Amino acid sequence: MTNVVELKNVTKVYRLHGTIEIWALRGINLEVKKGEFVSIMGPSGHGKTTLLQIIGLLDRPTSGNVIINGIEINGLNDNELARLRNRTLGFVFQQYNLISRMSVLENIEIPLIVRGIPRDKRIVLAKEALKMVGGEYSWLNKKPTQLSGGQQQRVAIARAIVGNPEIILADEPTGNLDSESSKMVMETFVKLNKSGKTIIMVTHNPEIAMCSERIILIRDGIIIGEEKPDPSKSILQIKRG
């Protein structure tokens with residue numbers, strides 16, 4: 001299968017006060033194939049989110065090569081990076097990042113507005129995306145604060161997929177949710193993966209990681225190994241109460 005993400009000897013160094021170096025990533029080599037569902041696990045502060053931000057073109061590496069969908073990013077300017085990001089990647093965050101003054105429909109439409117898609121088509125695509133993640137049309141005219149946490153995260157996922165991105169990046173997508181809402185969100189990710197989406201997810205929760213196909217372990221900014229998930233230990237299989 002084709003690699004949609006390739007990182008070759010990627011480092012990320014933050015400099016404080018011009019002299020102090022903080023190494024967030026140290027020589028990362030990673031390949032993710034089209035249609036994979038990969039989890040990245042490791043302790044807090046050891047580079048998981050930095051790695052996801054570099055894959056998501058939200059930050060540039062200090063050194064090394066990043067190739068997204070066959071495109072080497074080192075030679076791209078900021079506008080070209082933004083275009084590639086908008087057309088290839090969808091983002092889901094722990095905090096939902098929905099705009100409270102806008103309706104659910106307007107929130108889902110945002111990536112399509114950036115592309116200049118007409119409003120009538122945006123509405124159709126937003127409804128299709130919300131349906132795909134198990135949402136309800138009755139949410140469309142509500143404000144995000146009128147929904148539960150699990151419902152807000154489904155809206156955030158709908159926004160991430162409305163532009164039909166090749167890759168979905170999720171940073172602790174269940175971090176603010178209870179077990180039942182987490183289960184619904186992970187059911188949505190599994191469904192999206194089965195439909196052909198590539199998913200790369202950061203999580204600290206083993207029950208969540210077990211929903212994926214491959215677990216990448218990171219510590220001190222270094223990939224220290226991989227694990228094969230045990231689906232029987234995933235949140236989708238564990239019975240509570």
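Counting other Cβ atoms within 10 Å of each Cβ, which GluC sites (Glu not before Pro) in region 1-78 have at most 11 and sit in a DSSP loop?
Working: sites: Glu6, Glu21, Glu31, Glu36, Glu72; in loops: Glu36.
Filter output for region 1-78: empty list.
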Please give the helix 78-88 orientation as an angle from the longest Cα principal axis of the chain, in degrees from 0 to 90, rounded to the nearest 10. 50
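Provide the FRET efficiency to the nearest 0.05 for the Asn74-Glu227 pair, computing r from the beta carbons and using R0 = 30 Å.
On the way: r = 31 Å, r/R0 = 1.03.
According to the calculation, E is roughly 0.45.
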By the Cα gyration tensor axes a ≥ b ≥ c (a/c under 1.5 gives rounded; else a/b larger than b/c gives prolate, otherwise oblate), the shape of region 3-118 is prolate
How large is the helix-only mean residue ellipticity at 222 nm for the chain, computed as the sum of -39500 (n - 2.57) over DSSP H runs with n ≥ 4, divided by its residue count, in deg cm²/dmol to the nearest 500? -9500 deg cm²/dmol
So if I place +1 on the C-beta of Lys and Arg and -1 on the C-beta of Asp and Glu, and nothing else carries charge, what would the dipole magnitude of region 133-199 be about its Cα centre? I want it in debye, nearest 20. 220
Calculate, in nm to one decimal, what Arg83 and Arg119 gain on full extension: separation in residues at 0.36 nm each, minus their alpha carbon distance. 10.9 nm
Along Cα→Cβ, 7 Å out, is where each label goes; now give me the distance between the ones at Lys191 and Lys239 in nm to one decimal. 2.4
When we measure straight from the Cα of Lys197, which lysines land under 18 angstrom away, once same-chain ones fewer than 8 places off are left out? Lys33, Lys34, Lys131
Contour minus Cα-Cα span, Thr19 to Ser44, at 0.36 nm per residue, comes to 6.6 nm
Nearest 0.05, what FRET efficiency do Asp178 and Leu58 give at R0 = 30 Å with Cβ-Cβ as r? 0.60
Can you give me the C-alpha center-to-center distance between region 141-178 and region 1-17, rounded to a whole angstrom? 26
Quick note on Thr88, Thr203, Thr188, ordering by fewest other C-beta atoms within 10 Å, gives Thr88, Thr188, Thr203
By the C-alpha gyration tensor axes a ≥ b ≥ c (rounded if a/c is under 1.5, else prolate when a/b exceeds b/c, else oblate), the shape of region 155-241 is oblate
From the square roots a ≥ b ≥ c of the eigenvalues of the alpha-carbon gyration tensor of region 121-203, which class results: rounded (a/c under 1.5), prolate (a/b over b/c), or oblate? oblate
List, largest first, the extents of the alpha carbons of the chain along their principal axes, each in whole Å. 52, 48, 41
For region 74-188, build the charge dipole from Cβ charges (+1 Lys, Arg; -1 Asp, Glu) around the Cα centre, then report which of Val162, Leu112, Leu98 sits farthest towards its positive end. Leu112
Which loop trypsin sites (Lys or Arg not before Pro) in region 58-142, with loop taken from DSSP, have no more than 10 other Cβ atoms within 10 angstrom of their Cβ? Arg101
Percentage of Cα-Cα pair distances in region 21-79 greater than 12 Å, rounded to whole percent? 72
Using a basic spin-label model with each label point 7 Å from the Cα along Cα→Cβ, how many nm lie between Ile99 and Asn65? 3.9
Can you figure out the FRET efficiency of Lys8 with Lys34, using R₀ = 25 Å and their beta-carbon distance, to the nearest 0.05? 0.85
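Obtain the radius of gyration and the Kirkwood radius of region 65-128 from its C-alpha atoms and give Rg over Rh. Provide the component values of the computation, followed by the final result.
On the way: Rg = 14.3 Å, Rh = 13.7 Å.
Ratio value, two decimals: 1.04.
Just so you know, all these numbers are worked out from the coordinates, no wet-lab data involved. What you are looking at is a predicted structure, and each value in this text was computed from that prediction instead of being measured. As a convention, Cβ positions derive from the backbone with ideal geometry for all residues, glycine included, and neighbour counts pool all protein chains shown.
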